[in-house]
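Read through the structure below, which is laid out as structure tokens, and then see the notes.
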Amino acid sequence: MMCERFSYTHICKLCQENFLQPSLYKRTLHNNIELISFYKYDEIKKLLHTKHTDVGYHIYNILAKHSFAKFAEEFHTKENYISLAIDDKITSGYSHTAILNKHLSSYNIKPLFNKIRAKNKVSYSGKSKAFRENNPRDFQLKNFQGENVILVDDIVTTGLTMKQAIDIIGQNKVALALSLVDISQGQKL
């Protein structure tokens with residue numbers, strides 16, 4: 001896939017241009033919130049698996065620059081939005097969802113941090129839908145100002161985490177959701 005040559009940017013510029021250009025995918029979650037994702041899982045699977053390593057901080061910044069930052073640059077509306085990262089708790093020295101959220105900063109999107117935290121510490125990674133349903137995140141929501149919310153996560157598998165976050169925020173406040181990858185892959189835009 002990538003050249004693996006030495007680069008001060010962890011992924012050389014040529015490989016970033018050749019392999020990390022996003023394609024937008026869209027699907028509607030079961031609560032009528034539009035989910036936009038940027039990559040196919042198989043395209044960046046190995047990069048996603050760096051999220052709990054030291055190099056993951058740099059990899060997630062590169063991915064966010066190519067996807068979330070570009071989205072923010074092209075998201076022209078008259079309305080102002082706030083973006084909230086789902087469970088942006090710091091682990092392994094950084095929060096991967098906070099990195100994605102930070103890259104949404106623009107004239108009409110204001111990222112907020114530490115607003116949606118899961119009380120349940122169970123990992124969903126590699127778990128079944130039944131396991132996820134039986135072990136809800138049990139989100140705690142801290143106060144924030146703003147009506148037009150963009151939810152941010154790195155990987156959407158079943159959509160249950162997004163649904164739980166939308167339910168606690170209030171469906172009428174959430175405008176859309178963004179993720180690097182949607183395993184259920186929606187329609188390509």
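The values are calculated or read from the model by the stated rules, or taken from the named source; none is laboratory data. Note that the structure is a prediction, hence the values are computed from the model and not measured. When we count neighbours, we look across all protein chains shown, and the Cβ atoms used for this are built from the backbone with ideal geometry, even at glycine. What goes into the accessible areas is simple: the full protein's heavy atoms, side chains included, and nothing from ligands, DNA or RNA. Shrake-Rupley method; radii C 1.70, N 1.55, O 1.52, S 1.80 Å.
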Filtering the stretch 22-54 down to residues that are open to solvent by 80 Å² or more (accessible area, probe 1.4 Å), more than 27 Å from Thr91 (Cβ to Cβ) and either assigned to a loop (DSSP other than H, G, I, E, B) or in contact with a Lys or Arg (Cβ under 7 Å, 6 or more places away or on another chain) (or both) yields His30, Asn32
Any idea which of Asn101, Asn80 is out of contact with any helix residue (DSSP H, G or I) (no Cβ under 9 Å at 6 or more places or on another chain) and over 23 Å from Gly126 (Cα atoms)?
-> Asn80
Within the stretch 164-172, can one find any residue that is touching a Pro at 6+ places or on another chain (Cβ under 9 Å), on the phi < 0 side of the Ramachandran plot and in a helix (DSSP H, G or I)?
-> yes
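Which residues, taken from the stretch 164-181, are farther than 13 Å from Ala85 by Cβ and buried (at least 16 other Cβ atoms within 10 Å of the Cβ)? I'd like the intermediate steps shown before the answer.
Start the filter on the stretch 164-181 by keeping residues that are farther than 13 Å from Ala85 by Cβ, which leaves 164, 166-168, 170-176, 181.
Across the stretch 164-181, the qualifying residues are Gln164, Ile166, Val174, Ala175, Leu176, Val181.
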Taking the stretch 119-156, which residues are assigned to a strand (DSSP E or B) and open to solvent by 40 Å² or more (accessible area, probe 1.4 Å)?
-> Gln140, Leu141, Ile155
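Go through the stretch 66-124 and give me each residue that's of a type in the set (Val, Ile, Thr) and under 25 Å from Lys13 (Cα atoms).
The answer is Thr97, Ile99.
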Tabulated pairs, the stretch 51-68, first among the aromatic types (Phe, Trp, Tyr), second exposed (fewer than 14 other Cβ atoms within 10 Å of the Cβ), C-beta under 8 angstrom, 6+ apart or interchain | Tyr57/Gly93
Flagged in the stretch 56-82 as exposed (fewer than 12 other Cβ atoms within 10 Å of the Cβ) and among the β-branched types (Val, Ile, Thr), in numbering order, are Thr77
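How many residues are outside any loop (DSSP other than H, G, I, E, B) and either buried (at least 21 other Cβ atoms within 10 Å of the Cβ) or at pLDDT below 90 (or both) when one looks only at the stretch 89-104?
7
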